[in-house]
1. Just checking, how many residues over region 307-338 are assigned to a helix (DSSP H, G or I) and touching a Lys or Arg at 6+ places or on another chain (Cβ under 6 Å)?
2. I need the full set of residues from region 66-113 which are among the aromatic types (Phe, Trp, Tyr) and in contact with a strand residue (DSSP E or B) (Cβ under 6 Å, 6 or more places away or on another chain), in order please.
3. How many residues are of a type outside the set (Ser, Thr, Tyr) and closer than 23 Å to Leu191 by Cβ if we restrict to region 230-274?
4. If you check Glu128 against the conditions, is it at pLDDT 95 or above, acidic (Asp, Glu), out of contact with any strand residue (DSSP E or B) (no Cβ under 6 Å at 6 or more places or on another chain) and in a helix (DSSP H, G or I)?
5. What tally of residues in region 152-206 results from selecting those that are over 24 Å from Lys279 (Cβ atoms) and of a type in the set (S, T, N, Q)?
6. Within region 205-239, count every residue that is in contact with a Phe, Trp or Tyr (Cβ under 8 Å, 6 or more places away or on another chain) and away from the ligand (no atom under 12 Å from the Cβ).
7. Within region 54-75, can one find any residue that is part of a helix (DSSP H, G or I) and either surrounded by fewer than 22 Cβ atoms within 10 Å (Cβ to Cβ) or in contact with an Asp or Glu (Cβ under 6 Å, 6 or more places away or on another chain) (or both)?
8. Spot the failing condition for Gly266; the list is (1) more than 13 Å from the ligand (Cβ to nearest atom); (2) in contact (Cβ under 8 Å) with a residue 40 or more places away in the chain; (3) over 20 Å from Ile223 (Cα atoms), and only one is missed.
Amino acid sequence: MLAESHVYFHKAADVLGLSDKVRTILLTPRRAVKVGITIEGEDGTLQSYEGYRVQHNAARGPMKGGLRYHPAMDEDHAGALANLMTWKTAVVDVPYGGAKGGINCDPRSMSEKDLFAVTVRFVEQMKEVIGPTIDIPAPDVNTNAKVMGWIMHEYSKYAGFSPGVVTGKPLDLFGSEGREAATGRGVMDVLAEALNEQGKSFGDITVAVQGFGNVGSNAARLIAERGARIVAVADHTGGVAKEEGLDVPALVAWVAKNGGVKGFPGADAFASSEIITWKADVLVPAALEDAIHKANAADVKASIIVEGANGPTTPEADQILNERGILIIPDILANAGGVTVSYFEWAQNIQQFRWDEEKVNLELDKKMSKAYRAVREEAFARKIDMRAAAFVLAIRRVGKAALARRYIAAELPF
Ligand code: NAD
């Protein structure tokens, strides 16, 4: 995955005419930390995990990025995702750099008490490298507001009251209105812009969604509320489809109770992997990396792909889809709603002030639309695809900040 994220970077760097030296400076992470986490589990057994935090770039501000609890988490993964965060925060123009981290544990097979213990150990060992002005974690796959609340509480034991050390916290613990649904809302916002450009409305479209966690379920709910039909949803348990459109709130309630979409009453079941090639106008991959690859890209039926997940499309698939004229709204733009409202949350924490949900949503909609249009303009002007355009915009912004700090001594070609 690390190599893949570099492919997109180099494609944009070629467009900009960046030297090898500048590319190396912009791609090299500032710091990668690995810690061992051993706890005595509730059942008395010893559990050992590894925790990671890769801090990629801080030219535009404190570093920012999610924490993922997943057995496949490792330094390469964290590094690739940290790199993406640098460009993402620049695309939506929030004053942050990029970071990412996590623990290679499987929360689905752990008790809440063990998960808490693992999180506390992680903070204990990372406390010197995170902080409200250094690096601010947020939820990602298998982490949520509850975990962020634990982190804030634990970190504050060492540093004093520090609500700004993490975002995506519970509302009762200095979280922000609108954060939970923010990434899904951003997905809806950029899709609205794309439809508008094509003279279509939500009422005209059918949508297939892969992943029904934070991003997928909120995106599906908000897109359905605007009148689209969500015709198929798949997660790690299976797929469910309904041509007339799934009842999204009922599906959310079903998943909360049953742990997955499988068995949802009144819908047709299908194998989860079929979701990518489902017959729908729009595909929202909102699960894990590499979901769209060279073996299934040619069979994608959607004409618009909105990347809710990070890195859901491999470079080979990206090329196939572009050649087929499919519009891809890339991850660093499409799923930037989460980091945008994380920034609002952090700003509220620093000011000890609260925004209401209406203000959060309004400001988010504005940021997402502005970013979409900026990327679109870059794409039109340079005759490049949206992903390359998003990287061009981001590299330019990060490059200029790095130059101003003298991280880069050479002149930049922009
Ligand atoms: P989550 O843990 O809430 O949900 C993940 C979903 O993916 C679950 O529904 C799970 O069942 C599904 N899934 C896992 N393996 C699957 C498979 N093989 N096939 C189909 N579905 C599968 O995670 P999330 O926070 O919604 O994150 C999803 C993606 O969005 C990740 O790539 C993450 O990095 C990205 N993202 C999340 C946020 C955020 O604010 N949470 C922000 C930006 C990007």
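1. Selection size over region 307-338: 4.
2. Passing the criteria: Tyr69, Tyr96.
3. Count: 24.
4. no
5. So the answer is 5.
6. Going through region 205-239 one residue at a time, the tally reaches 5.
7. Checking region 54-75: at least one residue is part of a helix (DSSP H, G or I) and either surrounded by fewer than 22 Cβ atoms within 10 Å (Cβ to Cβ) or in contact with an Asp or Glu (Cβ under 6 Å, 6 or more places away or on another chain) (or both).
8. All conditions pass for Gly266, except number (2).
The values are calculated or read from the model by the stated rules, or taken from the named source; none is laboratory data. What you see is a predicted model; the values in this text were computed from it and never measured. Positions of Cβ are generated from backbone atoms using ideal geometry, with glycine treated the same way; all protein chains shown enter the neighbour counts.
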